[in-house]
Amino acid sequence: MRKISPLQLLVHVAALIPLAWLIFDAATGGLSVNPIQDIEQRTGKYALVLLVLSLSCTPVNILTGWAPVLRWRRPLGLYAFGYAALHFLAFLGLDYAFNLRFIWADVANKRFIFVGLAALLILIPLALTSTRGWQKRLGKMWRALHRWVYLAGGLVVVHYVWAVKSDIREPLLWGAAIGAGLLIRTPPVRRWILAQRARRLTAKQRGAEASRSA
Ligand code: HEM
């Protein structure tokens, strides 16, 4: 069995706390006056937060050089998908009691539902092919496929903006976080950041050598 580091364990515990909290609130009457909406909003929000955290791992690695953060990408992405699946299930089962006619009417008539479904449909193959086995099997295609996660993130932000209707500041902030991460990953920006880090490191080394020889 693969050994799990305390930091990885922390990621799993932190990602499961919102679910435990939601179950606790549901069991003890702690949900809002509209419990179905509360469940939908909370699972949707947790999915988005975890997706953004997963997308932030590579930019954090580029900015800081800290490699262990890269191992959080997959679990965070899978938890994001898990919460998105719960969110969708709450919509199907609690909101519409799995009545396909009404569900289809919502998908066809409400643009925010349509866009949410598109995001979920992108996340499904990404979650299924997230294992090392699939990574090896798909080779270069794997990277190209997994870049679609940014499109899913963008669609989720649009879904959120259209779902809240009035105050769109929060969804736009999440969108800005996704955009900033994407910008940091682009080759010219990435090269510039790495060059700055290398320059700072050599300056530090020179400083240390100078103080040793003094
Ligand atoms: C078929 C797919 C989806 C459906 C049917 C769906 C449905 C809904 C519904 C009904 C709401 C509004 C709840 C309300 O305020 O009344 C909502 C909000 C939301 N959804 Fe989705 N959703 C889908 C996919 C997703 C995905 C994939 C994500 C994230 C990864 C997501 C994240 C959110 C967020 C962040 C909100 C706003 C929560 C808030 O108001 O605080 N949704 N969704």
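Here L151 passes the criteria (1) within 16 Å of the ligand (Cβ to nearest atom); (2) surrounded by 13 or more Cβ atoms within 10 Å (Cβ to Cβ) except the one numbered (2).
Residues in segment 11-70 that are in a loop (DSSP other than H, G, I, E, B) and without any contact (Cβ under 8 Å) to a residue 12 or more places away in the chain: T28, G29, G30, L31, S32, V33, N34, W66, A67.
Looking at this structure, is L55 surrounded by 18 or more Cβ atoms within 10 Å (Cβ to Cβ), within 30 Å of P187 (Cα to Cα) and hydrophobic (A, V, I, L, M, F, W, C)? Taking the combined requirement at face value, the residue satisfies it.
Within the span defined as segment 127-140, one or more residues are under 29 Å from I39 (Cβ atoms) and either assigned to a helix (DSSP H, G or I) or touching a His at 6+ places or on another chain (Cβ under 6 Å) (or both). Of everything listed in (1) within 13 Å of the ligand (Cβ to nearest atom); (2) surrounded by fewer than 18 Cβ atoms within 10 Å (Cβ to Cβ), the single unmet condition for P6 is (1). V156 falls short on exactly one of the conditions (1) in contact (Cβ under 8 Å) with a residue 24 or more places away in the chain; (2) touching a Phe, Trp or Tyr at 6+ places or on another chain (Cβ under 6 Å); (3) within 8 Å of the ligand (Cβ to nearest atom), and that condition is (2). E40 passes every criterion in (1) under 22 Å from the mean Cα position of the chain (by Cα); (2) charged (D, E, K, R); (3) more than 10 Å from the ligand (Cβ to nearest atom) apart from (3).
Quick check, is F102 free of Cβ contacts under 8 Å to residues at least 40 places away in the same chain and not in a helix (DSSP H, G or I)?
Working: free of Cβ contacts under 8 Å to residues at least 40 places away in the same chain: yes; not in a helix (DSSP H, G or I): no.
For F102, the condition - free of Cβ contacts under 8 Å to residues at least 40 places away in the same chain and not in a helix (DSSP H, G or I) - is not met.
Screening L145, L117, L123 for residues that are in a helix (DSSP H, G or I), closer than 16 Å to R74 by Cα and near the ligand (Cβ under 10 Å from one of its atoms) leaves exactly one candidate, L123. One residue stands out in segment 164-181 among those that are part of a helix (DSSP H, G or I), free of Cβ contacts under 8 Å to residues at least 60 places away in the same chain and not β-branched (V, I, T): the one that is surrounded by the fewest Cβ atoms within 10 Å (Cβ to Cβ), namely R169.
Taken together, the values in this text are just the output of simple stated rules run on the coordinates, not laboratory data. Given the structure is predicted, the values throughout are model-derived calculations rather than measurements. Every residue, glycine as well, gets a Cβ built from its backbone with ideal geometry; the counts of neighbours run over all protein chains shown.
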